[in-house]
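Before any comments, here is the structure.
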Amino acid sequence: MLKTAVINLGCPKNEVDAEKLIYLLLKAGFQLLAEPDDAEIIIVNTCAFIQPAVEEAVNTILQMAAFKEDGACRLLVVAGCLPQRYGASLSREIPEIDLLFGTSDFHKIPAAIKNFSERHNSDKTVCEISLPHYSELHSVPQHITSPLAYSYLKIAEGCDNRCSYCMIPTIKGPQQSVPLETLILQARQMVAAGVQEVNLVAQDITAYGSDLAEKPQLTDLLNALISIPGLGRLRLLYAYPHRITPELIEMMARESIICNYIDIPIQHISDPILKSMARHDRGEHIRRIFESIKTQIPDLFLRSTVIVGFPGESEKNFRELLDFVAEGFFDYLGAFSYWPEEGSRAAKFPQQVPESLKEERLKAILDTQQGITERRLWAEVGRTRKVLIEGLSQESDLLLQGRTTFQAPEIDGVTYITEGDAEPGTIVDAEIQNCHEFDLFARIK
Ligand code: SF4
């Protein structure tokens, strides 16, 4: 059995690819190790949508290459967005790499490794980077790696939106949805494996099915998923404002299995900037969608993302965004200063904003939002909420840790259990007793 370690970088969508790869490796008889130290094969699944991610990927690859000198590593494999973006040139830049795979070539990895290791004397890097076509990968089950009773279900790959600052469509290709039956089967497999919370992810979940012959909608998929016995929760991540339909809002309000939580990145609110970003929405429409959601689901927690310092962003444009944030629609907000990504259209736009001004604007947005989020979480004290128990907390093994329906994994705070006991993977009623920054403290009722 070839001792193999998989190092995963990037977003939850990459995590799904890594879990599919692990499933295929185990099925092909590979032995999976948690750490690379004793691994004969090291596979790095990379992210490359923005330069800081590219740097992190290259640094990680070089760290793993060191195990070829003073470790057991015989083969270094690099997969995902970095090879898809830079192709075979990567092996010239980093000659320690033996095999390269694109974002839709993961299913080829086990056989290619076996072939390569049998002809070990070959010094030529094997390069399997095809045009993104995910149909084979879509149907591969995931080996659920998270012990914390939640998982990500990737419902589509690629993106048709083509925002002017974004390289993802160039890397991942056009939108390709997973057939509805395949997703239902995968969700059933997750529940059978003990998953209680399924997080739906894609570049844009609201575009689900638009590329499939039968044109299933996101609401059709949700209708199918909510009837899976044993499924505790469904969470919607990465929705696009202008595809939020009245049917979707109505369904979220009606179905308690769908978390009172949604992540809708807007990037900006000022029309000239939204237009320049090639976003499909305008400020007034975004406001109407948010008002409608908050009216129909008063208990909903809304997460979003904004970019400050986009080329041409005037003081007036920025003020519009800051005032919108101050209105308090967002319960959680990720804010970033614009990065002129090489290869994106916006990187060549005139009126690039000075870094110091970007930082100033970013701080103003984050300071404004922090107060809003803390007030929203403090309002939870005294309320009884459903908490998914994940196990002992990383902070102290005297405390159990879990998440409410309005705390997404790996991005929002957690809930520490100060009183009561429960098995990991169970959902309990807990009274919120305290709040610290973005974390809550509760006692099981
Ligand atoms: S919606 Fe826009 S920002 Fe998001 S992946 Fe697609 S092109 Fe990129």
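The values are calculated or read from the model by the stated rules, or taken from the named source; none is laboratory data. The structure displayed is predicted, hence computed values, not measured ones. No Cβ is skipped: glycine too gets one built from the backbone with ideal geometry, and neighbour counts run over all protein chains shown. Accessible surface is based on the protein model in full, side chains and every heavy atom, while ligands, DNA and RNA are left aside. Shrake-Rupley method; radii C 1.70, N 1.55, O 1.52, S 1.80 Å.
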Cα-Cα over 27 Å: which of Lys3/Lys108; Lys20/Lys363; Lys20/Lys275; Lys3/Lys172; Lys172/Lys358?
Lys20/Lys363; Lys20/Lys275; Lys3/Lys172; Lys172/Lys358
Using just the helices of the chain, give the 222 nm mean residue ellipticity in deg cm²/dmol: DSSP H runs with n ≥ 4 each add -39,500 (n - 2.57), and the total is spread over all residues, rounded to 500.
-10500 deg cm²/dmol
Take the solvent-accessible surface of the protein heavy atoms, probe 1.4 Å, and return the percent of it on region 23-80 that carbon and sulfur atoms account for.
53 percent
Given H placed on each backbone N at 1.01 Å, which residues far from Cys127 in sequence or on other chains put an amide H within less than 5 Å of it?
Leu100
Sorted by packing (mean other beta-carbon atoms within 10 Å per residue), highest first, where do 172-181, 98-107 land?
98-107, 172-181
Note on region 384-444, DSSP bridge orientation, antiparallel percent to nearest 5 equals 80 percent
Using 7 Å Cα-to-Cβ label points, what is the Ser356/Leu62 separation (nm, one decimal)?
3.1 nm
Counting only DSSP beta bridges fully inside the chain, the antiparallel percentage to nearest 5 is 30 percent
Gap in Å between the Cα centre of region 262-283 and the Cα centre of region 220-243?
24 Å
Simple SL model, points at 7 angstrom along Cα→Cβ for Phe438 and Asn223; separation in nm is 3.5 nm
On the full set of protein chains, 1.4 Å probe, figure out the accessible area of Ser276 and give it in Å² to the nearest 10.
40 Å²
Note to self: C-alpha centroids of region 62-104 and region 325-383 sit apart, in Å, by 35 Å
Among Asn199, Asn223, Asn45: highest mean-square fluctuation, GNM of the chain, C-alpha pairs under 10 Å:
Asn223
How much solvent-accessible surface does Tyr165 expose, in Å² to the nearest 10, with a 1.4 Å probe and all protein chains in place?
40 Å²
Could you sort 13-24, 394-405, 210-221 so that the peptide with the highest average Cβ count within 10 Å comes first and the rest follow in order?
13-24, 394-405, 210-221
For Arg287 the rounded accessible area (nearest 10 Å², probe 1.4 Å, non-protein molecules ignored) is 60 Å²
Percent of accessible area on region 140-378 owned by carbon and sulfur, 1.4 Å probe?
56 percent
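What FRET efficiency comes out for Leu212 versus Thr426 if R0 is 35 angstrom and r is the Cβ-Cβ distance? Round to the nearest 0.05.
Values: r = 36 Å, r/R0 = 1.03.
Efficiency for this residue pair is about 0.45.
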Just need the relative contact order of region 199-252 here, percent rounded to a whole number, with Cα pairs under 8 Å and 6+ apart.
49 percent
Compute the whole-percent fraction of alpha carbon pairs in region 140-378 spaced more than 32 Å apart.
24 percent
